[in-house]
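Below is one structure, written out as structure tokens; the observations come after it.
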Amino acid sequence: MKIGFIGLGHMGAPMALNLIKAGHALTVFDLSAEALQTLVDAGATKAASPKAAATGAEWVITMLPAAAHVRTVLSAEDGVLAGIAKGVTIIDSSTIDPASAKEFGALAAKHGNAFVDAPVSGGTGGAAAGTLTFMVGGSAALYESVKPVLSGMGKNIVHCGETGTGQVAKICNNLVLGVTMAGVAEAMALGEALGIDTKVLGGIMNTSTGRCWSSDTYNPFPGVIETAPSSRGYTGGFGTDLMLKDMGLATDAAKSVHQPAYMGALAQQLYQAMSSRGDGKLDFSAIIKLYRGEQG
Ligand code: NAD
């Protein structure tokens with residue numbers, strides 16, 4: 001398949017690399033020359049704009065930070081919709097609000113194109129290993145049509161319902177993630193302050209009822225899980241600013257349906273504090289720095 005892929009960051013780059021490995025022909029675009037070069041070195045064709053990446057493509061995939069970036073990439077003068085052929089499906093894997101996903105679905109439909117929201121979970125490790133979970137919002141027929149493409153990048157491809165419901169699933173999942181990371185950070189820092197070996201504490205947690213992804217895969221305490229961002233200076237994972245964005249998506253969505261989000265609101269403020277002190281680019285597990293009294 002000829003695929004136009006836009007957004008080659010922490011997630012997009014390994015996802016695009018897996019599509020190349022699966023035998024697809026990729027035309028790629030990103031604002032970062034460095035990100036583009038990595039993909040060109042792996043065999044992708046460089047495009048000069050989202051429009052150029054979409055021209056001649058049979059599928060277009062976007063993996064961008066937030067809804068504003070997706071809006072620009074789709075509808076700017078040199079955007080996807082200016083180059084895409086009618087009938088081609090746009091797959092947006094960025095994490096954005098469900099209302100924007102619906103808006104982009106309507107915009108694409110006006111141009112004679114289908115749109116699915118297909119946000120992912122599994123982190124950069126899952127992106128590199130090709131084991132991501134895709135949460136797909138769109139008709140059942142669209143879901144069936146995108147499955148073969150998504151299976152080049154993920155293991156679980158789940159149909160959530162109509163357009164926007166993929167984002168609902170993603171936002172609710174990340175609400176849990178943001179809260180559990182804060183909880184694990186709080187407990188690990190407390191254990192350290194009370195004098196237990198943190199590797200022992202991490203091990204106990206991971207065979208006890210406190211176990212969760214934030215403790216057993218992504219433990220925020222350095223050295224507990226060697227492959228976690230905490231063990232490499234909180235680099236190369238899921239940025240604090242992106243988690244802050246997701247907590248905002250969750251609390252805004254909660255407000256829209258008059259639903260309380262007590263824990264989400266508190267966790268949002270903790271990530272906000274991290275961002276305000278200049279740690280927004282660190283992996284979100286760096287939230288433990290607030291508890292360990294480390295300067296930003
Ligand atoms: P990132 O910041 O590493 O990458 C985003 C990329 O988009 C960058 O390379 C940037 O240059 C590019 N970009 C921004 N504006 C652009 C534009 N107008 N045109 C072309 N390229 C543009 O972000 P990421 O970590 O890859 O995350 C991408 C999305 O996936 C986000 O919505 C995030 O919430 C979500 N997500 C991330 C993770 C994770 O672990 N990092 C996990 C699940 C979901």
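The values are calculated or read from the model by the stated rules, or taken from the named source; none is laboratory data. Note that this is a predicted model, so its numbers are computed, not measured. Here the Cβ positions follow ideal geometry from the backbone for every residue, glycine too, while neighbour counts run over all protein chains shown. Remember, those area values only see protein heavy atoms, side chains included, never the ligands or the DNA or RNA. Shrake-Rupley method; radii C 1.70, N 1.55, O 1.52, S 1.80 Å.
Side notes on the structure shown:
- Between Ala99, Ala67, Ala118, Ala76, the distinction of being touching a residue at least 12 places away in the same chain (Cβ under 8 Å), within 16 Å of the ligand (Cβ to nearest atom), within 15 Å of Gly12 (Cβ to Cβ) and not assigned by TED's automatic domain parsing to the domain that holds Lys281 belongs to Ala118 only.
- Of all residues in the range 205-236, exactly one satisfies the criterion of being more than 21 Å from the chain's Cα centre (by Cα) and either in the same structural domain as Gly123 (by TED's automatic domain parsing) or touching a residue at least 60 places away in the same chain (Cβ under 8 Å) (or both), namely Phe221.
- Evaluating Gly191 against the criteria (1) away from the ligand (no atom under 16 Å from the Cβ); (2) open to solvent by 50 Å² or more (accessible area, probe 1.4 Å) leaves one unmet condition, (2).
- Given (1) polar (S, T, N, Q); (2) outside any helix (DSSP H, G or I); (3) closer than 22 Å to Val70 by Cα, number of the condition Asn173 does not satisfy: (2)
- Close pairs (8 angstrom Cβ cut-off, 6 or more residues apart or separate chains): over 18 Å from Phe284 (Cβ atoms) in the range 237-266, away from the ligand (no atom under 16 Å from the Cβ) and part of a helix (DSSP H, G or I) anywhere: Pro260/Ala254
- Any chance Lys110 is farther than 17 Å from Pro14 by Cα and surrounded by fewer than 18 Cβ atoms within 10 Å (Cβ to Cβ): yes
- Complete set of residues in the range 1-50 that are within 11 Å of the ligand (Cβ to nearest atom), touching a residue at least 60 places away in the same chain (Cβ under 8 Å) and assigned to a loop (DSSP other than H, G, I, E, B): Gly7, His10, Met11
The rows are residues; the columns are (1) among the basic types (Lys, Arg); (2) closer than 21 Å to Ser121 by Cβ; (3) assigned to a helix (DSSP H, G or I).
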{"residue": "Pro65", "(1), (2), (3)": "no, yes, no"}
{"residue": "Arg71", "(1), (2), (3)": "yes, no, yes"}
{"residue": "Leu74", "(1), (2), (3)": "no, no, yes"}
{"residue": "Lys86", "(1), (2), (3)": "yes, no, no"}
{"residue": "Ile91", "(1), (2), (3)": "no, yes, no"}
{"residue": "Ser94", "(1), (2), (3)": "no, yes, no"}
{"residue": "Ala99", "(1), (2), (3)": "no, yes, yes"}
{"residue": "Phe104", "(1), (2), (3)": "no, yes, yes"}
{"residue": "Ala108", "(1), (2), (3)": "no, no, yes"}
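- Filter result for Gly152 (touching a Gly at 6+ places or on another chain (Cβ under 8 Å), farther than 18 Å from Phe284 by Cβ and either assigned to a loop (DSSP other than H, G, I, E, B) or within 14 Å of the ligand (Cβ to nearest atom) (or both)): yes
- Residues (open to solvent by less than 20 Å² (accessible area, probe 1.4 Å) and not in a loop (DSSP other than H, G, I, E, B)) located in the range 201-223: Gly202, Ser214, Ser215
- Residue in the range 11-34 that is of a type in the set (S, T, N, Q), open to solvent by less than 20 Å² (accessible area, probe 1.4 Å) and out of contact with any Lys or Arg (no Cβ under 9 Å at 6 or more places or on another chain) present: yes
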